[in-house]
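I have placed the structure first, in the form of structure tokens, so that the comments after it can refer back to it.
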């Protein structure tokens, strides 16, 4: 899959105006060996607890992008090197985290794309709280399961359908 988010925005200005294509705010740092990635979203809503993140990444990703709404917390990491390896092994295209990651050097060797707010060395708690496959909102943009995520060096887009 080859695309540029700038070109997708230019070619789909009507979709942006209609609200079926959104640009996430430029708050994410880039990690992982894949700078460019895209796929349908699988969504999670968790807060400082990554049990559901691990459980989801242990399943076949089938080219999906895991979108983790961690509430924007900067107090611990939701994804680390082991989960990056799991994501790559299980066929996930990428991970977008509204929160932090850790083990960034390990994640940077994984053949996936990762976007996160920051790095943090502390791991999350492990209580198992959270929800999967629901509408989440990150930076004012709604993301539903199955929406298409497009990420490259210039940003992250969310589309209600696959773009050509």
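A few remarks follow.
- Residue among 98, 108, 62, 90 that alone is out of contact with any helix residue (DSSP H, G or I) (no Cβ under 6 Å at 6 or more places or on another chain), modelled with pLDDT of 95 or more and surrounded by fewer than 14 Cβ atoms within 10 Å (Cβ to Cβ): 62
- Residue 84 falls short of the stated requirement of being on the phi < 0 side of the Ramachandran plot, over 11 Å from the mean Cα position of the chain (by Cα), part of a loop (DSSP other than H, G, I, E, B) and crowded, with 18+ Cβ neighbours inside 10 Å.
- Segments classed as strands (runs of 3 or more DSSP E), wholly inside the range 114-154, with at least 3 members that are touching a strand residue (DSSP E or B) at 6+ places or on another chain (Cβ under 6 Å) and surrounded by 15 or more Cβ atoms within 10 Å (Cβ to Cβ): 148-152
- Test result for residue 89, farther than 30 Å from residue 18 by Cβ and free of Cβ contacts under 8 Å to residues at least 12 places away in the same chain: yes
The values are calculated or read from the model by the stated rules, or taken from the named source; none is laboratory data. Quantities reported herein were computed from a predicted structural model and do not represent experimental measurements. All Cβ positions, glycine included, derive from the backbone under ideal geometry; neighbour counts span all protein chains shown.
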